[in-house]
Amino acid sequence: MSQDATWSPNPRQQALLEEVRARGAVSVERLALRLNVTMQTVRRDVQRLADAGLLLRFHGGVSLPRETPLSGAWKERQALRADAKARIARSVAAAIPDGSTLMMGIGTTVEAVARELLKKQGLCVITHNLHVAGLLSEHSNCKVHVAGGMLRARDSALEGDSTVAFLKQFKVDVSIISTLGIDTDGSLRDRDLRELPVLQALQEQAKETWVVADASKFNQSALAQLGHLKDVQRVYTEALPPPPFPKELHEWGVALTIAP
């Protein structure tokens with residue numbers, strides 16, 4: 001089956017993916033039971049997800065792909081909640097005037113913003129994200145500066161002292177960043193601290209920092225703290241965050257934009 005370039009998993013298929021991710025391998029029968037749908041529906045969804053490279057089928061069940069796990073994990077993150085990310089991206093792009101200077105961080109939501117920026121004119125973008133650089137290279141009226149450094153396989157980002165030194169040469173209007181999770185205390189979380197020096201540079205070199213995060217990121221914790229919401233100027237998401245975030249954002253003077 002050929003995949004539509006705009007296709008992304010629907011909510012039921014996303015729930016199926018999350019069930020497989022949580023268990024590693026799951027029978028079709030158990031998926032049908034857990035999702036409260038028919039076996040035929042599960043088989044249809046499994047076929048579509050397998051065609052997209054997000055699942056691996058075996059007799060009677062499914063698992064996560066065994067080959068190219070880093071690439072597969074990135075593709076899965078890109079596909080999950082794609083509609084929410086696209087809505088956020090359109091909202092962010094609408095707030096960026098033609099001729100702006102930007103820094104762009106890592107994450108599939110940041111990459112969704114880059115796609116929307118193809119419609120803008122006269123931009124100058126500095127990034128350590130090769131996915132973002134590749135997307136914007138298609139734009140004939142956008143200057144793209146790409147940082148050097150050590151390439152990180154899991155997300156095609158550059159890191160290290162040379163990356164930070166490169167970013168510190170520029171001053172920009174806006175830095176656009178994302179995060180693995182946002183804890184209830186407002187801290188921006190990730191699995192490790194490798195991104196911290198780069199993230200600090202992105203914020204220090206920008207007049208404003210905007211966080212782009214779909215609603216699932218709120219109330220999510222992870223080992224490392226990379227920043228805090230009180231140090232950014234705007235948060236873009238697609239649904240009202242759960243308490244205590246609206247109150248906290250108001251107290252910290254952070255603008256909250258819910259993408260239409």
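The values are calculated or read from the model by the stated rules, or taken from the named source; none is laboratory data. All figures in this text were calculated on a predicted structure; none of them were measured in a lab. FYI the Cβ positions are ideal-geometry reconstructions off the backbone, even for glycines, and counts take in every protein chain you see. Only protein heavy atoms, including side chains, enter the accessible area calculation; ligands, DNA and RNA are left aside. Shrake-Rupley method; radii C 1.70, N 1.55, O 1.52, S 1.80 Å.
Odds and ends about this structure:
- Residue within region 120-133 that is assigned to a helix (DSSP H, G or I), of a type outside the set (Asp, Glu) and surrounded by fewer than 20 Cβ atoms within 10 Å (Cβ to Cβ) present: yes
- Take the conditions (1) more than 25 Å from residue 147 (Cα to Cα); (2) touching a residue at least 12 places away in the same chain (Cβ under 8 Å); (3) of a type outside the set (S, T, N, Q); (4) open to solvent by 50 Å² or more (accessible area, probe 1.4 Å); residue 259 misses just one of them, which is (4).
Residues checked against (1) open to solvent by 30 Å² or more (accessible area, probe 1.4 Å); (2) modelled with pLDDT under 85:
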position: 3; (1), (2): yes, yes
position: 12; (1), (2): yes, no
position: 19; (1), (2): no, no
position: 22; (1), (2): yes, yes
position: 27; (1), (2): yes, no
position: 37; (1), (2): yes, no
position: 46; (1), (2): no, no
position: 51; (1), (2): yes, yes
position: 62; (1), (2): no, no
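- Filtered residue count, region 134-144, keeping only those that are buried (at least 16 other Cβ atoms within 10 Å of the Cβ) and part of a strand (DSSP E or B): 2
- Residue that is nearest to the chain's Cα centre (by Cα), among those in region 151-168 that are over 13 Å from residue 202 (Cβ atoms) and modelled with pLDDT of 90 or more: 160
- Residue 250 of a type outside the set (S, T, N, Q), touching an Asp or Glu at 6+ places or on another chain (Cβ under 9 Å) and either within 18 Å of residue 196 (Cα to Cα) or open to solvent by 50 Å² or more (accessible area, probe 1.4 Å) (or both): no
- Apart from one condition, residue 224 fits all of (1) open to solvent by less than 20 Å² (accessible area, probe 1.4 Å); (2) over 25 Å from residue 129 (Cα atoms); the exception is (2).
- When region 179-204 is filtered for residues that are open to solvent by less than 20 Å² (accessible area, probe 1.4 Å) and either in contact (Cβ under 8 Å) with a residue 40 or more places away in the chain or more than 18 Å from the chain's Cα centre (by Cα) (or both), the ones remaining, listed by number, are 179, 181, 182, 186, 187, 188, 195, 198, 199, 201, 202.
- Qualifying residues in region 83-111 (those that are without any contact (Cβ under 8 Å) to a residue 40 or more places away in the chain, of a type in the set (Gly, Ala, Ser) and assigned to a helix (DSSP H, G or I)) - the one most open to solvent (accessible area, probe 1.4 Å): 94
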